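Working notes, beginning with the structure itself.
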Amino acid sequence: MNIENLLKYQKRDEDLFKVEQKLANSAYRRKAAELTAVAKKAQAKSTELENHAEKLIVEIGEIKEKYNLTKKKAEGMVAANIENMTMEELEKTNELKQKIMQNLAILEKMLQKSAETINQILSEFNKTKKAYDEARSQYAICKQKIDEETKELEPEKEKLKKELLALEKDVDPALMAEYKKRRNDNIFPVVVPLENGTFCGRCRMEQPKVAISKLKEAGVIVCEHCKRFIYQK
Ligand SMILES: [Zn+2]
């Protein structure tokens, strides 16, 4: 098989590949990918903070309920008539009162701590939101730059594609189809020379003897390792 025409095609395709690579590796595109990661992380953090806050709010509700019950108990004791109590009863009541007051103090402390945590979560949430917004707005700028770059290189790409279409007519259709399959998988170059009579010109994998003799007959073989076409120079 004569692969001269495919090599000619590939030579031109290299220019297209370079343009595509230039676009794919542009600093703006890389920055955009970074910003997307930052935004995603911020989103995950927000969800985490929200969940934490929700849990805490439930906890606060429970503490408040306990606090109110305890307070009512204390108020009931204050209202109780102590004049008819024996010394023993009075002592017991005082003990109970003290315990209740202690409990109230503990619950108050718990409430205070929860309130502090809520405030911390809120401030962290705001910080996260700010980071997210910042990433989004920077992303928008990047996106615009990427669009500009793409648009700028569009005429060149179109020109090359037209040239390739013309060159394609001289290539064996089956070979062309296989070439395009690899090219779509971002494999480039697709066709490489055999090196030192036995190695793939790209991945350096030694080709089996059977394949080498097939190469002499068919003009082209496929590297078992990197799937590229190998031709004899
Ligand atoms: Zn190879």
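Using only Cα atoms and rounding to the nearest 10 degrees, what angle (0 to 90) does helix 87-168 make with the longest principal axis of the chain?
For 87-168 against the chain, the angle is about 20 degrees.
Non-local amide H neighbours of GLY201 (under 5 Å, H modeled in plane, Pro and chain starts lacking H): which ones?
So GLY201 has HN proximity to GLU195.
Apply the Debye scattering formula to the chain, with a single equal point scatterer on each alpha-carbon and no solvent, then give log10 I(q)/I(0) at q = 0.07, 0.12, 0.16 Å⁻¹.
Once normalised to I(0) and log-transformed, intensities are -0.55, -0.87, -1.09.
Return the sequence-ordered ³J(HN,Hα) values of segment 23-30 in whole Hz as given by the Karplus equation 6.51 cos²θ - 1.76 cosθ + 1.60 applied to θ = phi - 60°, using x for Gly and Pro.
5, 5, 9, 5, 4, 5, 5, 5
Report for the chain the percent antiparallel among DSSP-assigned beta bridges with both residues inside it, nearest 5.
The antiparallel fraction comes to roughly 65 percent.
I'd like the distance separating the alpha-carbon centroids of segment 130-144 and segment 1-26, in whole Å.
Distance between centres, Cα-based: 34 Å.
What list of ³J(HN,Hα) values in whole Hz, one per residue of segment 216-225 in order, does the Karplus curve 6.51 cos²θ - 1.76 cosθ + 1.60 (θ = phi - 60°) give from phi, with Gly and Pro shown as x?
Per-residue couplings from phi come out as 5, 7, 8, x, 8, 10, 10, 5, 5, 8 Hz.
Taking θ as phi - 60°, what are the ³J(HN,Hα) couplings along segment 5-17 by the Karplus curve (6.51, -1.76, 1.60), each to the nearest whole Hz, with x for Gly and Pro?
Each residue's phi maps through the Karplus curve to give 5, 5, 5, 5, 4, 4, 4, 6, 4, 4, 5, 5, 4 Hz.
Tell me, which cysteines of the chain are without a disulfide-compatible partner by the Cβ under 4.7 Å rule?
CYS142
Could you check how much of the accessible area of segment 51-176 is carbon and sulfur, as a whole percent, using a 1.4 Å probe?
Ligands and nucleic acids excluded, carbon and sulfur reach 55 percent.
If you roll a 1.4 Å probe over the heavy atoms of the protein chains, what accessible area per residue do you get for the chain, in Å²?
Per residue, the chain has 71 Å² of solvent-accessible surface.
Using only helices, what value at 222 nm comes out for the chain when you add -39,500 (n - 2.57) per DSSP H run of length 4 or more and divide by the total residues, to the nearest 500 deg cm²/dmol?
-28000 deg cm²/dmol
The values are calculated or read from the model by the stated rules, or taken from the named source; none is laboratory data. No experiment lies behind these values; they were computed from the predicted model shown. Neighbour counts run over all protein chains shown; Cβ positions are idealised from the backbone, glycine included. These accessible areas exclude ligands, DNA and RNA; they are computed on the full protein's heavy atoms, side chains included. Shrake-Rupley method; radii C 1.70, N 1.55, O 1.52, S 1.80 Å.
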